[in-house]
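Everything on this sheet refers to the single structure shown next.
The values are calculated or read from the model by the stated rules, or taken from the named source; none is laboratory data. Just so we're clear, the structure is a prediction, and the values are computed from it rather than from any experiment. Note that we place each Cβ from the backbone using ideal geometry, even for glycine, and neighbour counts take in every protein chain shown. Each accessible area value is taken on the protein alone, full model and side chains, heavy atoms only, with ligands, DNA and RNA left out. Shrake-Rupley method; radii C 1.70, N 1.55, O 1.52, S 1.80 Å.
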Amino acid sequence: MSISVLSEKARVPDGAMVAAVVGDTYILWNKLVNHIKEKYPNVTEEWKYYGKAFGWTFKVISKKRNLLFLVPLDGCLRTRIVLGEKAVACAESADLPDELKLTISYATPHVEGRSIDLGISCPEQLETVKTLLKIKFEN
């Protein structure tokens, strides 16, 4: 996983901190968080500190299942979605960029699934993440 630039354990990140770090992509951060709240009303959101090596990460959880991780980086943001094999099969036939489908197919399968890291720096990438999140949630 990418290393969050928010790494001070004593300070749980807030919107102002995230905005200061991710810059112009903060609007995309907000759009994704608002989309999640609208489409998946029973999910939980939390900041999790993964140690100095990784810093703070924003997690979206459905019951006890991790749906999405958001990592604030310098001037941008990165997501991680872990897809199980049913979700991988759905992603292969979904309206996703061919390059992403190739990335998914080559991702190493683990017990919890295949980890897919995606940067978000434009609206098209945000839509791709929304599509993957839907696939993950439904499978």
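When only residues in the range 100-130 that are part of a loop (DSSP other than H, G, I, E, B), of a type outside the set (Asp, Glu) and more than 14 Å from the chain's Cα centre (by Cα) count, which is surrounded by the most Cβ atoms within 10 Å (Cβ to Cβ)? So the residue we want is Ala107. Somewhere in the range 61-74, is a residue open to solvent by 20 Å² or more (accessible area, probe 1.4 Å) and either in contact with a His (Cβ under 8 Å, 6 or more places away or on another chain) or farther than 19 Å from Leu133 by Cα (or both)? Yes, the conditions are met somewhere in the range 61-74.
Here Glu112 meets each of (1) modelled with pLDDT under 95; (2) under 20 Å from Trp29 (Cα atoms) with one exception, condition (2).
Every residue, every condition in (1) of a type in the set (A, V, I, L, M, F, W, C); (2) crowded, with 19+ Cβ neighbours inside 10 Å, yes or no:
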position	(1), (2)
Lys52	no, no
Trp56	yes, yes
Thr79	no, yes
Ala91	yes, yes
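Of the residues making up the range 42-59, those that are free of Cβ contacts under 8 Å to residues at least 40 places away in the same chain, in a strand (DSSP E or B) and not aromatic (Phe, Trp, Tyr) are Thr44, Glu45, Glu46, Lys48, Lys59.
Please list, ordered by first then second residue, the pairs with beta carbon atoms under 6 Å, 6 or more apart or interchain, first in the range 114-139 and among the β-branched types (Val, Ile, Thr), second assigned to a helix (DSSP H, G or I) and open to solvent by 20 Å² or more (accessible area, probe 1.4 Å). Note: pairs meeting the criteria are Ile135/Cys90.
Look at (1) farther than 25 Å from Leu6 by Cα; (2) open to solvent by 20 Å² or more (accessible area, probe 1.4 Å) and you find that Ile27 fails only one, number (1).
Does Val82 count as hydrophobic (A, V, I, L, M, F, W, C), within 26 Å of Ser7 (Cβ to Cβ), within 15 Å of the chain's Cα centre (by Cα) and part of a strand (DSSP E or B)? Answer is yes for this residue.
Would you check which residues across the range 7-24 are closer than 20 Å to Ile61 by Cα and surrounded by 15 or more Cβ atoms within 10 Å (Cβ to Cβ) and list them?
So in the range 7-24, the residues closer than 20 Å to Ile61 by Cα come out as 12-15, 18.
Listed by number, the residues that qualify are Pro13, Val18.
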